[in-house]
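The values are calculated or read from the model by the stated rules, or taken from the named source; none is laboratory data. Given the structure is predicted, the values throughout are model-derived calculations rather than measurements. Here the Cβ is made from the backbone with ideal geometry for all residues, glycine too, and neighbour counts use every protein chain on show.
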Amino acid sequence: MFPASIRGQGVEYAIRDIMVEAERVQRSGKQLIQLNIGDPVKYGFETPIHIREALTRAMNSGLNYYSASEGIRELREAVAEKENRVNGAQIELTDVVVTSGISEGIMFAMGAIINPGDEVLMPDPCYPPYLTYAKFFGGKAVAYRTIEAKDWAPDLADLESKITSRTKLLVIVNPNNPCGSVYSKEQISNILGLAATHRIPVAADEIYDRIIFDGAFTSVASLAKDVPLIGLNGFSKAYLMTGWRLGYVYLQDPRGELRKFGMPFREWRG
């Protein structure tokens, strides 16, 4: 037996880890409907025909070679256009990197920012890969409270009480996974105010931005004018393309705090 690395031993993914027990139950003869993964394509929803036809045309036209590392230019242009038009962002194609699903975007963000001992603020409960990747890169996941009685709204007082000199990133998941809450404009503004005051970059996971059943959605990008923002999104949910593993990450830095000096995130804090 070869021992796993210390880093590898900390890798967990609760959503998929539960499948070990689920498979045991299935072997006993019971039938299970697996809703631990948000995959509507498995249950009768289909990827739109125009998307499938476009992929077929591309393959049959010979477009099967390596793309640019940051993603195909046309796709990055389309992502920037969508985020600017729909979510009020202020980005260009050079701000966008295409990833293998949003999970790789989370890994990129954590790997670029976190050093051993750094802390990442994230909502509780939270999408598990945020906890895993923070730990994988030697950081510490620090959960801020959300209030069930208030539709899982973030507890601003609790969030602020957990900001320290080691806090290097503040994560917002909106619409929230797993609770489904949609933060109001005021709630987002209050969180961004704390981030600006303490000079903490923000990561906004908005993979469910186009799946809103009532009320309105406000993107963090439309309000983040004073802090660098890492936007995380993709095509799995709204476009029913889960198995395609297509996501993206973008950087919105309206004041040029990072680019102006060519400084990494942790130096901007200091």
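Report the residue count in the range 162-185 for those that are under 19 Å from ILE200 (Cα atoms) and free of Cβ contacts under 8 Å to residues at least 40 places away in the same chain. Total meeting the criteria: 1. Take the range 168-196 and flag every residue that is closer than 20 Å to PRO228 by Cβ, polar (S, T, N, Q) and in a loop (DSSP other than H, G, I, E, B). Selection gives ASN174 alone.
Looking only at the range 197-235, which residues are in a loop (DSSP other than H, G, I, E, B), of a type outside the set (Phe, Trp, Tyr) and within 12 Å of the chain's Cα centre (by Cα)? Scanning the range 197-235 gives GLU206, ILE207, ASP209.
Do we have SER165 as over 27 Å from ASN36 (Cβ atoms) and not in a strand (DSSP E or B) here? Against the criterion (over 27 Å from ASN36 (Cβ atoms) and not in a strand (DSSP E or B)), SER165 qualifies. Taking the range 4-108 as the region of interest, the helices (runs of 4 or more DSSP H) fully inside it that hold 1 or more residues being loosely packed, with under 14 Cβ neighbours inside 10 Å, among the β-branched types (Val, Ile, Thr) and over 18 Å from the mean Cα position of the chain (by Cα) are 6-9, 19-27, 49-60. Selection of the range 134-155 for residues being of a type outside the set (Asp, Glu) and out of contact with any strand residue (DSSP E or B) (no Cβ under 9 Å at 6 or more places or on another chain) yields PHE136, PHE137, GLY138, ALA149, LYS150.
Taken together, the residues in the range 10-48 that are over 26 Å from CYS126 (Cα atoms) and among the small types (Gly, Ala, Ser) amount to 3. Within the range 118-148, the set of residues being touching a residue at least 40 places away in the same chain (Cβ under 8 Å), touching a helix residue (DSSP H, G or I) at 6+ places or on another chain (Cβ under 8 Å) and assigned to a helix (DSSP H, G or I) comprises PRO128, PRO129, TYR130, PHE136. State all residues of the range 114-150 that are more than 18 Å from ILE172 (Cβ to Cβ), of a type in the set (A, V, I, L, M, F, W, C) and in contact with a Gly (Cβ under 9 Å, 6 or more places away or on another chain); if no residue qualifies, say none. Hits for the range 114-150 are PHE136, PHE137. Can you name the residue in the range 190-218 that is closer than 21 Å to LEU240 by Cβ and not charged (D, E, K, R) and is also surrounded by the most Cβ atoms within 10 Å (Cβ to Cβ) among such residues? Top of the filtered list is ILE207. The C-beta contact set for the range 43-65 (first residue under 16 Å from GLY243 (Cα atoms), second residue assigned to a helix (DSSP H, G or I), distance under 7 angstrom, 6+ apart or interchain) comprises THR47/VAL41. A Cβ distance below 7 Å, combined with a sequence gap of six or more or placement on separate chains, defines the contacts here; from the range 239-260, residues that are farther than 15 Å from ALA224 by Cα and at pLDDT 75 or above reach residues that are acidic (Asp, Glu) and surrounded by fewer than 16 Cβ atoms within 10 Å (Cβ to Cβ) in the pairs LEU240/GLU46; THR242/ASP39.
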